[in-house]
Amino acid sequence: MAADPELALWLAAERQAIENVLLARLGAEAPGPRAPESEALRRFRSFAAAALLRGERAAPALEGLHLPSLRTVETLLSIWCEAAQEVADVDCREYLASQLAPLLERFRTALRGTASARRRRGTPRANRRAVIAAIDRVSDVFLAIDADTRTIADANPAAGALLGTNRDALIGADVGRFIPTSEQAQWWTHLDAVAEGSEPLRFRSALRDATHACVRIDVSITRYANRARTLALVIARPSPDYS
């Protein structure tokens, strides 16, 4: 979606008026200020403001948010959007609804994804180790690249073999060392896009091994983020028919 800073400023200016309409509609069912549902609403307002200011680069921030009921929160967010439309001038309501609808859907999708991930956290630690072991055994190259520093946070043995070094030597290295100069602009563009919340990306490129020989590859990049940092998870395999 395109940015609309004026709408973001309007929502901030009318925040109390929107809140008053919301509380009037909910009555005794309104969550308290410290309730997790209220925190979810605060985060949605922050996300909506950021998205309207910055466009697609904004992403919902849900770390540490624990919700007893997704349905209750989704209803609350819908009522807030309706309250915002009620506060707006009549001739602006349709436009406001068209701007808030995709933001609401994106936030709901993020909430559902977080809830699903939380349900899986009970997976035994042994299973997590099994996943790591499986990555080490696969023949495809695996690299976890820190999106901010462009350093390699993790790699599998296949990555070391392709790049003519061992896996431990890759950890902490600048990934740019292994990307031909002619290919770097493409890599940085895709890494930035994934870091900003883009969908998984696929492209064809090349890596440069320790002898500076280029290896043509098919690449897929997926975003992984936690409180500490954002990682771009790269899976690559040689592409002999690359041209």
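The values are calculated or read from the model by the stated rules, or taken from the named source; none is laboratory data. Keep in mind that this is a model prediction, so the values were computed, not measured. Quick reminder, even Gly has a Cβ in these numbers, built from the backbone with ideal geometry, and neighbours come from all protein chains shown.
Taken over segment 1-13, the residue count meeting the criterion of being over 24 Å from the mean Cα position of the chain (by Cα), surrounded by fewer than 16 Cβ atoms within 10 Å (Cβ to Cβ) and under 22 Å from Glu105 (Cα atoms) is 3. Being over 17 Å from Ala232 (Cα atoms), touching a residue at least 40 places away in the same chain (Cβ under 8 Å) and more than 27 Å from the chain's Cα centre (by Cα), is that true of even one residue in segment 171-184? The answer is no, given that none of the residues of segment 171-184 is over 17 Å from Ala232 (Cα atoms), touching a residue at least 40 places away in the same chain (Cβ under 8 Å) and more than 27 Å from the chain's Cα centre (by Cα).
The number of residues in segment 18-40 that are closer than 15 Å to Leu62 by Cβ and over 19 Å from the mean Cα position of the chain (by Cα) comes to 4. Being among the small types (Gly, Ala, Ser) and within 17 Å of Trp188 (Cα to Cα) is the filter here; which residues of segment 199-226 pass it? Those that are among the small types (Gly, Ala, Ser) and within 17 Å of Trp188 (Cα to Cα): Ser205, Ala206, Ser220. Residue-level check: of (1) at pLDDT 90 or above; (2) under 23 Å from Arg137 (Cβ atoms); (3) surrounded by 16 or more Cβ atoms within 10 Å (Cβ to Cβ), Ala206 misses just (2). The helices (runs of 4 or more DSSP H) located wholly in segment 147-243 that include 1 or more residues which are outside the structural domain of Leu62 (by TED's automatic domain parsing) and closer than 30 Å to Glu63 by Cα occupy 167-170, 181-195.
Among the residues in segment 118-134, are any of a type in the set (A, V, I, L, M, F, W, C), under 17 Å from the mean Cα position of the chain (by Cα) and at pLDDT below 90? Looking for residues that are of a type in the set (A, V, I, L, M, F, W, C), under 17 Å from the mean Cα position of the chain (by Cα) and at pLDDT below 90, one finds none in segment 118-134, hence no.
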